[in-house]
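The values are calculated or read from the model by the stated rules, or taken from the named source; none is laboratory data. Quick caveat, the model's predicted, so the values are computed rather than measured. Reconstructed Cβ throughout: ideal geometry from the backbone, glycine too, with neighbour counts over all protein chains shown.
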Amino acid sequence: MNLNRKQADDTTLRDHLESVYRQTDIMDPQLVPVECPSCILYLWEYFCELSGGRQMSEAGPGPISYREIKAWSDMTGNALAPWEVETVKRIDAVYLKLAYAQRKK
C-alpha cells in the first residue's frame, strides 16, 4: 500500500498512522523502516554520492546518467559491475518517482 497517497481528507495514510503512533505509542507495522541488506548497503552509499551531484532543473531532479556514473567511477576508483550499475539506476528511478510525486502535492 502506498503510504504517501492522499486520502479523502487530503492527508496521507502515513500522516494518519504517524498521528496514531504519536498518540498511542503503538507503531503500525507499515511504518517500521525496512533495513537495507548489508550485502548491498554499499550500493545505497554509491547512489547517495551520485545523487548529491545530480543535475537539477525547474522541473525537478534529473536522472543519474550512465555518463555521470562512469565519471564518478573513474574519479573514485569504484569500478561497478553491470548489475551494480543497473541496481543504482533502479534506485534512482524509485527516487525520481517519489520526488516527482512529492512535487505534485
Checklist outcome for this item: Among (1) in contact with a Phe, Trp or Tyr (Cβ under 7 Å, 6 or more places away or on another chain); (2) surrounded by 13 or more Cβ atoms within 10 Å (Cβ to Cβ), Tyr95 falls short only on (1)
Checklist entry - In region 1-30, how many residues are within 30 Å of Glu86 (Cβ to Cβ) and surrounded by 11 or more Cβ atoms within 10 Å (Cβ to Cβ)? => result 3
Checklist entry - Can you name every residue in region 82-105 that is among the basic types (Lys, Arg) and either farther than 23 Å from Asn4 by Cβ or assigned to a helix (DSSP H, G or I) (or both)? => result Lys89, Arg90, Lys97, Arg103
Checklist outcome for this item: Among Glu49, Glu84, Glu45, Glu68, the single one that is touching a residue at least 40 places away in the same chain (Cβ under 8 Å) and surrounded by 10 or more Cβ atoms within 10 Å (Cβ to Cβ) is Glu84
Next on the checklist: Please go through region 31-42 and give me each residue that is surrounded by 10 or more Cβ atoms within 10 Å (Cβ to Cβ) and without any contact (Cβ under 8 Å) to a residue 12 or more places away in the chain, ordered by number.
Outcome noted: Cys36, Leu41, Tyr42
Checklist entry - Does Ala79 satisfy the criteria of being among the hydrophobic types (A, V, I, L, M, F, W, C), closer than 26 Å to Thr12 by Cβ and either modelled with pLDDT under 90 or in a loop (DSSP other than H, G, I, E, B) (or both)? => result no
Checklist entry - In region 8-52, which residues are over 30 Å from Glu68 (Cα atoms) and in contact with a helix residue (DSSP H, G or I) (Cβ under 6 Å, 6 or more places away or on another chain)? => result Leu17, Met27, Asp28, Leu31
